[in-house]
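Asker: Before anything else, here's the structure in question.
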Amino acid sequence: MGRPPSFQGESDYLGRGVSYCATCDGAFYKEREVAVVGTNQEAIEEAHFLTKFASTVNWITFKNPKPEDEHAQDLLNRPNVKHWQSTRLLSVEGNEMGVTGVKLKHKDIEEPIFLDLEGVFIYQNGSKPITDFIGNLIEYKADGGVQVDETMASSIEGVWAIGDIRNTPYKQAVVAAGDGCIAAMSIDRFLNNRRSIKTDWDHS
């Protein structure tokens, strides 16, 4: 995650109820209540995934999803989704065991609202790969990910990039492992001056 924690308690309970990956951690919340914070596409997709496990998915958004966003509207129609519109997350609450709930603030209600739940999935705009150690030495994509070719080579000869730093749609360990395998074979060819790649079969 290339942004500092945005909410009180977010970093305190990371890995103990706070998550940024529903596909990684969703199964831990089978028949439990969770919250999803955010309106971007990733938040909507991850909330959809959580509906397979959680008893209730509290979707917390300050801005209302657009009516023409069919994916968002489909999420709102799920029976185990409760939409908290015009609402901000104030803090993540918990104890030594982990998350116990969240405090919310609705724009038209003066007092904070407390939700008793066990998991909080936070998807805020501004989450980008951490690339500050690279600076402007290589090319990036518009979304902040490192630009690579099909061999995982970056714009600088002898430099490869794999995994989440590429900002792929699917941020899973198995995806990064696949990237690493491709990069390792590419690096071997590079070190042994075998620059060209010949396919093992002919499609012509």
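Asker: Among ALA142, ALA184, ALA153, which one moves the most in a GNM of the chain with springs linking Cα atoms closer than 10 Å?
Answerer: ALA142
Asker: Considering amide H positions built from the backbone, and no H for Pro or chain starts, which residues 5 or more places from ASN58, or on another chain, come under 5 Å of its amide H?
Answerer: VAL34, ALA35, VAL36, LYS82
Asker: If I fit a long axis through the Cα atoms of helix 173-191 and take the longest principal axis of the Cα atoms of the chain, what angle between them do I get, 0 to 90°, rounded to 10?
Answerer: Value to nearest ten degrees: 20.
Asker: Separate question: Which number gives the lysine pairs in the chain that have C-alpha atoms under 17 Å apart and are eight or more places apart or on different chains?
Answerer: So the count works out to 12.
Asker: Also, I was wondering about something else. Which of the cysteines found in the chain have nothing to pair with, since no other Cys Cβ lies under 4.7 Å from theirs?
Answerer: CYS181
Asker: Please identify the chymotrypsin sites (Phe, Trp or Tyr not before Pro) of the stretch 48-133 that satisfy two criteria: DSSP loop assignment and at most 10 other Cβ atoms within 10 Å. Which are they?
Answerer: Hits after loop and neighbour filter: PHE133.
Asker: How far is helix 41-50 tilted, in degrees, relative to the longest principal axis of the Cα atoms in the chain, given as a value from 0 to 90 rounded to the nearest 10?
Answerer: For helix 41-50, the angle is close to 70 degrees.
Asker: Hey, another quick one. I'd like the distance between the alpha-carbon centres of the stretch 118-168 and the stretch 13-56, rounded to an integer number of Å.
Answerer: 23
Asker: By how many nm would the segment from GLU139 to ILE187 lengthen if fully extended, with 0.36 nm per residue of separation less the alpha-carbon distance?
Answerer: Extending this stretch completely gives an extra 15.4 nm.
Every number in this text was worked out from the coordinates using simple rules, so none of it is lab data. Keep in mind the model is a prediction, meaning the values are calculated, not measured. We place every Cβ from the backbone using ideal geometry, glycine too, and count neighbours over all the protein chains shown.
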